[in-house]
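Below: one structure, written as structure tokens.
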Amino acid sequence: MRLLITGGCGFIGSAVIRHVLRHTDHEIVNIDKMTYAASLDALEEARDHPRHRLVRADIADADAMRRVFTETRPGAVMHLAAESHVDRSIDGPGDFIRTNVVGTFCLLEAARAYFATLEGAARDAFRFHHISTDEVFGALGADDPPFNEATQYDPRSPYSASKAASDHLARAWQHTYGLPTLVSNTCNNYGPWQFPEKLIPLVMLNALEGRPLPVYGDGTNQRDWLFVDDHAAALVAVVERGRIGETYCIGARQPRRNIDVVRAICGVLDGLLPDPAGPRERLIRFVTDRPGHDFRYEIEPAHAESGLGWRAAHDFESGLRQTVQWYLEHRPWWESIRAGTYAGQRLGTAA
Ligand SMILES: NC(=O)c1ccc[n+]([C@@H]2O[C@H](COP(=O)([O-])OP(=O)(O)OC[C@H]3O[C@@H](n4cnc5c(N)ncnc54)[C@H](O)[C@@H]3O)[C@@H](O)[C@H]2O)c1
């Protein structure tokens with residue numbers, strides 16, 4: 001099968017590409033605009049792999065998307081490209097509407113036009129998998145049951161509102177036009193190649209450099225943490241075995257309070273690389289909460305586990321240890337990003 005993967009140079013997309021090349025025979029066409037969040041380094045062995053081709057293009061460019069489908073004739077789409085950082089969406093929501101809403105619309109329209117040309121087995125096999133977040137469900141209280149596929153949408157930030165809009169578009173294109181879409185909603189990911197603006201790498205690298213560790217509010221906000229390679233395996237299972245029109249809530253069953261995540265990072269770092277100045281927990285600083293900060297997200301993944309025959313392989317402690325070790329071994333990558341000299345977004349053929 002030829003997979004058209006959007007956002008394949010991002011954190012999760014690059015993990016999906018590594019998984020596909022290592023564990024399947026599928027070919028990949030990787031569509032990426034190469035924003036600040038993209039990393040060619042993250043593609044590692046994929047860059048020169050005969051089953052991977054990178055096309056630099058904007059999913060909100062309708063003509064480019066139509067050309068990509070006509071020229072590459074994919075068997076399925078895995079749509080990950082997005083603006084993904086909540087804090088950035090609060091500072092500047094425009095890019096989130098453009099990429100997450102208009103971009104998804106352009107991609108769905110290009111897929112619909114292409115799907116209309118398919119016949120027989122190619123038409124039966126075609127899938128459009130839209131990848132989304134649990135943030136579309138809003139916030140849970142301390143005692144609420146976790147989110148599942150029946151939870152009502154209640155997005156609270158410009159990011160989650162734009163993702164919610166794109167989820168609705170993907171489902172509407174299935175109901176209205178018969179485009180075979182599937183949607184997955186996933187909890188917080190962490191692991192190698194995550195851009196160092198997100199909580200786990202930010203705290204880890206600040207701790208390494210002896211800088212303050214900012215924690216929003218009182219640190220009791222809670223998230224369910226999924227190791228990125230487990231997510232990649234789940235996403236490939238969805239596109240290979242998922243049922244058309246279905247939603248899959250993908251979670252790790254590893255809820256942790258933010259303050260406990262930060263303490264765990266300090267503990268792993270102290271064990272691997274003790275700081276002569278003392279335990280790194282001394283660097284924790286509580287900062288003014290993010291506006292509209294959702295209190296708790298947690299996913300009930302039973303439907304995905306039974307429907308896909310998938311289950312997260314890492315608990316939080318083993319995944320975190322692996323992640324910290326990885327960042328220690330990949331200093332040049334994150335040091336250049338933090339120094340503002342990162343030049344990861346230059347290559348790729350234009351669409
Ligand atoms: N990171 C998480 O914890 C998490 C959790 C649940 C769901 N998700 C979803 O998974 C997907 C991937 O997330 P991520 O963390 O890898 O994001 P990321 O920000 O690391 O990567 C996004 C990628 O999309 C590309 N991109 C952005 N705008 C584009 C455009 N207009 N056209 C083409 N490419 C564009 C970027 O260049 C980048 O390579 C997103 O849809 C996100 O909403 C992420």
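The values are calculated or read from the model by the stated rules, or taken from the named source; none is laboratory data. Just so it is clear, the structure is predicted and the values come from calculations on it, not from any experiment. Because the Cβ atoms are built from the backbone with ideal geometry, glycine has one as well, and the counts that use them run over all protein chains shown.
Would you confirm whether any residue within segment 191-200 is among the hydrophobic types (A, V, I, L, M, F, W, C), in contact (Cβ under 8 Å) with a residue 12 or more places away in the chain, more than 11 Å from the ligand (Cβ to nearest atom) and not in a strand (DSSP E or B)?
Checked against the condition, which is being among the hydrophobic types (A, V, I, L, M, F, W, C), in contact (Cβ under 8 Å) with a residue 12 or more places away in the chain, more than 11 Å from the ligand (Cβ to nearest atom) and not in a strand (DSSP E or B), segment 191-200 yields no hits at all.
Can you tell me which condition D144 does not meet? The list is (1) surrounded by fewer than 18 Cβ atoms within 10 Å (Cβ to Cβ); (2) outside any loop (DSSP other than H, G, I, E, B), and all the others hold.
Checking D144 against (1) surrounded by fewer than 18 Cβ atoms within 10 Å (Cβ to Cβ); (2) outside any loop (DSSP other than H, G, I, E, B), the one that fails is (2).
Given segment 1-109, what strands (runs of 3 or more DSSP E) lie entirely inside it while holding 2 or more residues that are near the ligand (Cβ under 8 Å from one of its atoms) and out of contact with any Pro (no Cβ under 9 Å at 6 or more places or on another chain)?
Fully inside segment 1-109 and qualifying: 27-32.
Could you check L140 against (1) in contact with an Asp or Glu (Cβ under 7 Å, 6 or more places away or on another chain); (2) under 22 Å from F295 (Cα atoms); (3) within 15 Å of the ligand (Cβ to nearest atom) and say which number it fails?
L140 satisfies every listed condition except (3).
Tell me, which strands (runs of 3 or more DSSP E) lie completely within segment 214-328 with 2 or more residues that are in contact with a Ser or Thr (Cβ under 6 Å, 6 or more places away or on another chain) and closer than 30 Å to L182 by Cβ? Even if it seems obvious, please write down each step before you answer.
Working: elements: 222-227, 247-250, 255-257, 284-287.
So the answer is 247-250.
If a residue must be crowded, with 21+ Cβ neighbours inside 10 Å and farther than 25 Å from Y248 by Cβ, how many such residues does segment 303-326 contain?
1
Which ones in segment 120-135 are over 13 Å from T247 (Cβ atoms) and either under 11 Å from the mean Cα position of the chain (by Cα) or within 16 Å of the ligand (Cβ to nearest atom) (or both)?
F128, E135 - these are the residues of segment 120-135 that are over 13 Å from T247 (Cβ atoms) and either under 11 Å from the mean Cα position of the chain (by Cα) or within 16 Å of the ligand (Cβ to nearest atom) (or both).
Based on this model, can you work out whether V77 counts as within 23 Å of S166 (Cβ to Cβ) and in contact with a strand residue (DSSP E or B) (Cβ under 6 Å, 6 or more places away or on another chain)?
yes
For segment 270-312, enumerate the residues that are charged (D, E, K, R) and in contact with a strand residue (DSSP E or B) (Cβ under 7 Å, 6 or more places away or on another chain).
Those that are charged (D, E, K, R) and in contact with a strand residue (DSSP E or B) (Cβ under 7 Å, 6 or more places away or on another chain): R285, D289, R290, R296, E298, E300.
Test R112 against the criterion of being outside any loop (DSSP other than H, G, I, E, B) and away from the ligand (no atom under 15 Å from the Cβ), and give yes or no.
Considered against the rule, which asks whether it is outside any loop (DSSP other than H, G, I, E, B) and away from the ligand (no atom under 15 Å from the Cβ), R112 comes out as yes.
Checking the condition over 26 Å from G292 (Cα atoms), modelled with pLDDT of 95 or more, of a type outside the set (S, T, N, Q) and away from the ligand (no atom under 16 Å from the Cβ), which residue from R243, R257 passes?
R243
Being within 16 Å of V77 (Cα to Cα) and out of contact with any strand residue (DSSP E or B) (no Cβ under 9 Å at 6 or more places or on another chain) narrows it down to one residue among H23, H19; which is it?
Exactly one residue qualifies, and that residue is H19.
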